[in-house]
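Enquirer: Okay, handing you the structure first.
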Amino acid sequence: MTPLDLNDFLERLVNNEVRLSTMIWGPAGIGKSSIVAQVARKHALEFVDVRLSQLAPSDLRGLPVPADGVSRWYPPEFLPRDGRGILFLDELNLAPPTMQGIAQQLILDRKIGSYKVPAAWFIWAAGNRKEDRASVFEMPAPLANRFLHLHVAPDWDSFKAFALANNFNERILAFLSFRPTLLHRLDPQAPAWPSPRSWSMANRLMQAKLPVEAAIGEGAAAELAAFSALYDSLPDLEAILDGRAALPPFPSEPSVRYALTIGLTVRAETVERGLRGFNYLAERAGPEWVQLFASDLMRLLRDRGQLGTLAQLVRRDKRLGQFLKDYQELMGG
């Protein structure tokens, strides 16, 4: 499944109060942990992130304390006592078999020693696969059988939705639209390589005007730099969006087309500017570029709560109205 599919599945578990232990599998850096935290925030759930690989058995089970001639186990303070939330066992299969064995009781019986997981808490976990070159241990069959298993893969559309919502640098968005295979490319010979996580770090570096190879590696950084140079050949995007100039020709080079289309999308801060960008592409570009622009713009307008204003413009602009009707039919209504 894609990260968007994962988010939807987890939200359905929460909405339907399905408290089945759930294991999320996928390569490093694709946002598994971030999605779980995002679901917790959206539903106002407490979130406890436990890294079993960093704990000793006594850290999870607690310490025995003598009382009235018997030993009582005092559980660790980080385990939840009440309320509603998500107990997240991240990097579960990085933990050695001893720790996974102890976690098995927590996952199966929702208790360990004298400690019980509160009834309103979900137990979810995540881990990498062997093929991801992570130093993981085999998950024991009895433990694996306690989980639902969700397998997540990198997905450009999912990352683009996240990046648009979080105001990523338009050059990163345009570059990855042109080279989506560089969204996630593990390089076992290098410490830095491109992934959704490292592109998020690269975005922060670009905001600070710092070089990005420390996050995504030298190869991807060099390609991004070469692509960024294309911006010098773009038409005046602000003039197009403000309606201050005659409509320039649409570029012929594919990489420049991606840069222009994504640039118009990111800079369309108002519905009116978005409409001018749409009309420019409808006049000068092919339908695939109009669709790329419009689908991303709709997502941004929805996130901004501006779909009501868009509906007013649709009534005024017949071409936009016809496009949206055709697009809805193409997407199955």
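Enquirer: For region 173-287, report the accessible area per residue in Å² (1.4 Å probe, heavy atoms, rounded to an integer). The partial results should precede the final answer.
Expert: Values: 5440 Å² over 115 residues.
Per-residue accessible area for region 173-287 comes out at 47 Å².
Enquirer: Which whole-Hz couplings ³J(HN,Hα) result when phi for each residue of region 214-223 is put into the Karplus expression 6.51 cos²θ - 1.76 cosθ + 1.60, θ = phi - 60°, listed in order with x for Gly and Pro?
Expert: Using θ = phi - 60°, the values come out as 5, 9, 10, x, 5, x, 5, 5, 5, 5 Hz.
Enquirer: State, as an integer percentage, the relative contact order of region 99-226 based on alpha-carbon contacts under 8 Å between residues 6 or more apart. Walk me through the numbers before you get to the answer.
Expert: Numbers: 91 pairs, mean separation 19.5, N = 128.
Worked out over region 99-226, it gives 15 percent.
Enquirer: If you take every DSSP beta bridge fully contained in region 1-90, what fraction is antiparallel? Give it as a percent rounded to 5.
Expert: Working: 5 of 11 bridges.
Percent antiparallel among DSSP bridges in region 1-90 is about 45.
Enquirer: For region 10-104, what does the alpha-carbon gyration tensor say about shape, rounded, prolate or oblate, given a ≥ b ≥ c as the root eigenvalues, a/c under 1.5 as rounded, and a/b over b/c as prolate?
Expert: Judged from the Cα gyration tensor, region 10-104 comes out oblate (a/c at least 1.5, b/c at or above a/b).
Enquirer: Using θ = phi - 60° and the Karplus form 6.51 cos²θ - 1.76 cosθ + 1.60, what ³J(HN,Hα) does each residue of region 90-96 get, whole Hz, x for Gly and Pro?
Expert: Using θ = phi - 60°, the values come out as 7, 6, 4, 7, 7, 6, x Hz.
Enquirer: Further, regarding this structure: Please name which of Thr265, Leu60, Val18 has its Cα lying farthest along the dipole of the chain towards the positive end, using unit charges on Cβ (Lys, Arg +1; Asp, Glu -1) and the Cα centre as origin.
Expert: Going by the Cα projections, it comes out as Val18.
Enquirer: Rounding to the nearest 20 debye, state how big the charge dipole of the chain is about its Cα centre with +1 on each Lys and Arg Cβ and -1 on each Asp and Glu Cβ.
Expert: Charge dipole, the chain, about its Cα centre: 660 debye, nearest 20.
Enquirer: Counting other C-beta atoms within 10 Å, and keeping those with at most 12, which DSSP coil chymotrypsin sites (Phe, Trp or Tyr not before Pro) do you find in region 75-135?
Expert: Those satisfying the criteria are Phe78.
Enquirer: HN-Hα J couplings of region 198-213 from phi, Karplus 6.51/-1.76/1.60, θ = phi - 60°, integer Hz, Gly and Pro as x?
Expert: Ordered by residue, 3J(HN,Hα) equals 6, 5, 5, 5, 4, 4, 5, 5, 5, 4, 8, 6, 10, x, 9, 5 Hz.
Enquirer: Hey, another quick one. Compute the helix-to-body angle for 318-330: its Cα long axis versus the longest principal axis of the chain, expressed 0 to 90° and rounded to tens.
Expert: The angle comes out near 40 degrees.
Enquirer: Relative to the longest principal Cα axis of the chain, at what angle does helix 271-284 sit, 0 to 90 degrees, rounded to 10?
Expert: The two axes meet at around 60 degrees.
Enquirer: For the chain, take the longest principal axis of its alpha carbons; what is the angle in degrees between that and the long axis of helix 97-109, to the nearest 10 within 0 to 90?
Expert: Rounded to the nearest ten degrees, it is 90.
Enquirer: Would you calculate, for the chain, the mean residue ellipticity at 222 nm contributed by helices, counting each DSSP H stretch of 4 or more residues as -39,500 (n - 2.57) and dividing by all residues, to the nearest 500? Could you put the intermediate results ahead of the total?
Expert: Values: 16 runs with 167 residues, N = 333.
Value at 222 nm, helices only: -15000 deg cm²/dmol.
Enquirer: How much of the accessible area of region 1-47, probe 1.4 Å, is carbon plus sulfur, in whole percent? Walk me through the numbers before you get to the answer.
Expert: Numbers: 1100 of 2180 Å².
Reported share for carbon and sulfur atoms: 51 percent.
Enquirer: While we're on this one: If each residue of separation counts as 0.36 nm, what is the full-extension length gain between Asp303 and Leu210 once their alpha-carbon separation is subtracted?
Expert: On the way: separation 93, 0.36 × 93 = 33.48 nm, distance 2.91 nm.
Extra length from Asp303 to Leu210 when fully extended: 30.6 nm.
Enquirer: Now for a different question. Pull out the extension gain between Glu238 and Asp68, defined as 0.36 nm times the separation in residues minus the alpha carbon to alpha carbon distance; nm, one decimal. Can you show the working numbers first?
Expert: Numbers: separation 170, 0.36 × 170 = 61.20 nm, distance 7.74 nm.
Gain on extension, Glu238 to Asp68, equals 53.5 nm.
Enquirer: Take every DSSP beta bridge whose two residues both sit in the chain, then give the antiparallel share in percent to the nearest 5.
Expert: Values: 7 of 26 bridges.
Roughly 25 percent of the DSSP beta bridges within the chain come out antiparallel.
The values are calculated or read from the model by the stated rules, or taken from the named source; none is laboratory data. Since the structure is predicted, the reported quantities are computational estimates derived from the model, not experimental observations. Reconstructed Cβ throughout: ideal geometry from the backbone, glycine too, with neighbour counts over all protein chains shown. These area figures cover heavy atoms from the full protein model, side chains too; ligands, DNA and RNA do not enter into them. Shrake-Rupley method; radii C 1.70, N 1.55, O 1.52, S 1.80 Å.
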